[in-house]
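Down below is the structure, laid out as structure tokens.
The values are calculated or read from the model by the stated rules, or taken from the named source; none is laboratory data. If you're wondering where the values come from, they're calculated on a predicted model, not measured in any experiment. Counting neighbours? That spans all protein chains shown, and the Cβs are built from the backbone with ideal geometry, glycine included. Calculation scope for accessible area: heavy atoms of the full protein, side chains included, ligands and nucleic acids excluded. Shrake-Rupley method; radii C 1.70, N 1.55, O 1.52, S 1.80 Å.
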Amino acid sequence: MKTLNIVAIVLLLAGAAVLGYNRFSYTTTEEVLKIGPITANAERTHTVSFPPLLGWLLLGGGVAVLAYAMMSRKD
């Protein structure tokens with residue numbers, strides 16, 4: 001039973017995080033020019049976006065797993 005509760009809490013937190021922070025960015029450094037010993041690097045920012053539907057599905061899944069865990073505990 002405790003495993004189901006932990007899974008439900010993780011799903012709920014993940015869903016809330018996706019809804020709260022629907023995108024994140026990270027920076028990579030790429031070599032754009034190399035002439036002999038001289039190199040030029042450029043930093044590029046990449047953005048990853050999550051659809052809000054993913055957050056709602058994670059929240060719904062967490063609620064469903066939590067409800068199942070509570071109902072199966074009564075038996």
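Per-residue ellipticity at 222 nm for the chain, helices alone: DSSP H runs ≥ 4 residues times -39500 (n - 2.57), over residue total, nearest 500 deg cm²/dmol? Intermediate results must be reported in sequence, preceding the final value.
Numbers: 2 runs with 41 residues, N = 75.
About -19000 deg cm²/dmol.
Normalising the average separation of contacting C-alpha pairs (under 8 angstrom, six or more residues apart) by the number of residues puts the relative contact order of the chain at 45 percent.
Test of understanding: what is the full-extension gain from N5 to T47, defined as 0.36 nm times their sequence separation minus their Cα-Cα distance?
11.9 nm
When a 1.4 Å probe is rolled over the protein heavy atoms, the share of accessible surface on the chain that falls to carbon and sulfur comes to 66 percent.
How would you rank 11-17, 65-71, highest first, on the average number of other Cβ atoms within 10 Å across their residues? List each step's numbers first, then the result.
Details: 11-17: 16.3, 65-71: 14.0.
My ranking of the peptides, most packed first, is 11-17, 65-71.
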